[in-house]
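Visitor: Here it is, the structure in full.
Read-outs throughout are calculated quantities, based only on the coordinates presented, and are distinct from any laboratory measurement. These numbers were taken from a predicted model, which means no experiment stands behind them. Note: ideal-geometry Cβ built from the backbone for every residue, glycine included; neighbour counts use all protein chains shown.
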């Protein structure tokens, strides 16, 4: 039972449609909660309280108010902008982020498309985000936007290599690219998780993947594409209202994607950490989402702790540190897998 | 006409219309972005032929690699945006010969091939047999391609470094 909807409703057009909009129902509340966590975590790290008034208890309604504000804002299209591409770009960015959700197994009973090449597909569709950002930067007709877009492309293309190499090590151990199979290979207690397998090489792989995935979500310390002290807001400088909200939502959707993929590859995905205790299709959903939320918290934590990288440091880290380590790791993990 | 046919025609129209856009666009960046939809449509057609590995590789290499590189190159070239792509007719006779030969070959293949028209068949694991074949029967072309890429990579680095040194001397 890979998809409970097809189990109950059979296969057909409406089933496919329902399957494909289901992750959206998760993304919206998750993005609101993550926005609030980000506001509060950043505030407490800087020794302030953050939003305290909106909604009463610790400003819980602040993200709702922000969304209402964004929806009411005037939609401004600069006169000199390339109108067609300017309108298309945020949609393309969100399509790229959302397409990855098709292959994420949220629970043993729910995956949009249980394809054999799940993880390969997720790596491939993230390329559409790069093009959307390039399109936004160029269509805005603004030098900051263009510079931000160029930085994004350089950064994403560079960091795709260590992250793909890290994923490759896990694929060798699991012997499959199907995310459901990779997950099933880590069942049982938490010491069966791949993060603790082939110790310590797969844990190093996880660290490489996590650093590269931070860069792929364009978040600090890898936020030079939107570096607000140099580029105003990078590729989305000119965007306002709902179109800006699309970029914002895509960023949070991306954060969840990379965290979910890290969870699926290294931390057992929908498996319970305690063997058969609290495991099952619905608990699977709970475990995957809570493990991914922990990683999202770590992302927020790092963002507000570390200063921004310079461009040359960024390239140095990707090409001279992460890529050689990932290659050496692949060699060792592969040798171990063959000799075992 | 079932959902499979509708999907096929929809993706075929996307592919052909965007390909026409690539050829006839006056703005070089519009052509590059139209190419995105062409690649995407072709990948979708591969999926409909149950060639999932080729479809995903198409997106990874052509959209994520080549197209990003093209757009990056266009954006780095100063004043490439405002230059109108030349669309006049040049060297008519060789052009007609080449295009005629190409069209003749394509039409010949199109009319003589027996097209298997079957309904949607379930997906099989395609990555495993492709990987096994690349490591056994086609290992020589595979290794040759990787050596070629390595040579190209080293060549690019050498050319880039030489230009940098020349720039430093000036």
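Visitor: Given the peptides A:29-39, A:127-137, arrange them by the average over their residues of other C-beta atoms within 10 Å, most packed first.
Guide: Put in order of decreasing packing, that is A:127-137, A:29-39.
Visitor: Another question, if that's okay. Would you please give the FRET efficiency between residue B:6 and residue B:133, computed as 1/(1 + (r/R0)^6) with r the Cβ-Cβ distance and R0 = 51 Å, to the nearest 0.05?
Guide: In this case the efficiency is close to 0.90.
Visitor: Could you give the angle, 0 to 90 degrees to the nearest 10, between helix A:241-266's Cα long axis and the longest principal axis of the Cα atoms of chain A?
Guide: 20
Visitor: Still on this structure, please answer the following. In whole angstrom, how long is each semi-axis of the equivalent ellipsoid of region A:144-217, when you take the square root of 5 times every eigenvalue of its Cα gyration tensor and sort them from largest down?
Guide: Gyration-tensor ellipsoid for region A:144-217: 30, 12, 10 Å.
Visitor: Can I ask one more? Could you sort A:235-243, B:43-51 so that the peptide with the highest average Cβ count within 10 Å comes first and the rest follow in order? Could you put the intermediate results ahead of the total?
Guide: Details: A:235-243: 21.9, B:43-51: 17.4.
Taking the mean over residues of other Cβ atoms within 10 Å, the ranking is A:235-243, B:43-51.
Visitor: Turning to a different aspect of this structure: Partner chain Cβ atoms within 10 Å, averaged over the residues of B:67-76 - can you pull that number for me?
Guide: 4
Visitor: Averaged over A:121-128, how many beta carbons belonging to a partner chain fall within 10 Å of each residue's beta carbon?
Guide: That works out to 5 on average.
Visitor: Working out 0.36 nm times the residue gap between residue A:77 and residue A:308, then minus their Cα-Cα distance, what length gain in nm do you get to one decimal? Don't jump to the answer; show the numbers that get you there.
Guide: Numbers: separation 231, 0.36 × 231 = 83.16 nm, distance 3.01 nm.
Value of the extension gain: 80.2 nm.
Visitor: Right, here's the next one. Give the calculated FRET efficiency between residue A:274 and residue A:339 to the nearest 0.05, with a Förster radius of 25 Å applied to their Cβ-Cβ distance.
Guide: The value I calculate is 0.20.
Visitor: Also, I was wondering about something else. For region B:129-161 and region A:292-337, what is the centre-to-centre distance using only Cα atoms, to the nearest Å?
Guide: Their Cα centres are 26 Å away from one another.
Visitor: In nm, to one decimal, how far is the modelled label at residue B:158 from the one at residue B:26, with both set 7 Å along Cα→Cβ?
Guide: Result for the modelled spin labels: 4.4 nm.
Visitor: Using mean Cβ contacts within 10 Å as the protection proxy, how do A:109-119, A:319-329 order, highest first?
Guide: Answer by packing, highest mean first, reads A:109-119, A:319-329.
Visitor: Further question on the same structure: For region B:1-87, what's the relative contact order in percent, using C-alpha pairs closer than 8 Å and at least 6 residues apart?
Guide: Relative contact order, region B:1-87: 30 percent.
Visitor: Next question, about the same structure. Just to be sure I understand the curve: with the Debye formula and one point per C-alpha of region B:1-87, what is log10 I(q)/I(0) at q = 0.25 Å⁻¹?
Guide: -1.16
Visitor: Something else about it: For each of B:14, A:298, count neighbouring Cβ atoms within 10 Å of the residue's Cβ, then give the residues from fewest to most.
Guide: Working: B:14 17, A:298 14.
With the sparsest Cβ surroundings first, the list reads A:298, B:14.
Visitor: Moving on. Can you work out D for region A:241-290 in µm² s⁻¹ from Stokes-Einstein, where Rh is the Kirkwood radius over C-alpha pairs, the temperature is 10 °C and the viscosity is 1.306 mPa s? List each step's numbers first, then the result.
Guide: Working: Rh = 12.2 Å.
Rounded to a whole number, D works out at 131 µm²/s.
Visitor: Oh, and also: Just want to confirm a number: the relative contact order over chain A, from Cα pairs under 8 angstrom separated by 6+ residues, in percent.
Guide: In percent, rounded to a whole number, it is 22.
Visitor: Right, here's the next one. Nearest 10 degrees is fine. How inclined is helix A:281-303 to the longest principal axis of chain A, computing both from alpha carbons?
Guide: Rounded to the nearest ten degrees, it is 50.
Visitor: Still on this model: Compute from the Cα atoms of chain A the Rg and the Dmax, the latter being the longest Cα-Cα distance, and quote both in angstrom.
Guide: Cα radius of gyration and Dmax of chain A are 20.3, 64 Å respectively.
Visitor: For A:66, A:223, A:312, which order do you get if you count the other beta carbons within 10 Å of each Cβ and list the fewest first?
Guide: A:312, A:66, A:223
Visitor: More than 22 Å apart: what percent of Cα pairs in region A:138-266 qualify?
Guide: 44
Visitor: How much mean residue ellipticity at 222 nm does the protein assembly as shown get from its helices, if each DSSP H run of length 4 or more adds -39500 (n - 2.57) and you divide by all residues, to the nearest 500 deg cm²/dmol?
Guide: -22500 deg cm²/dmol
Visitor: Neighbouring Cβ atoms within 10 Å as the yardstick, rank A:303, A:53 fewest first.
Guide: Going from sparsest to densest Cβ surroundings: A:53, A:303.
Visitor: Oh, and also: For peptide A:139-151, how many partner chain Cβ atoms fall within 10 Å of a residue's Cβ, on average?
Guide: Working: counts 2, 0, 1, 0, 0, 0, 0, 1, 0, 0, 3, 4, 0.
Mean partner shielding for this stretch: 1.
Visitor: Kindly express, to the nearest 10 degrees and within the range 0 to 90, the angle between helix A:62-72's C-alpha long axis and the longest C-alpha principal axis of chain A.
Guide: Roughly 50 degrees between the two axes.
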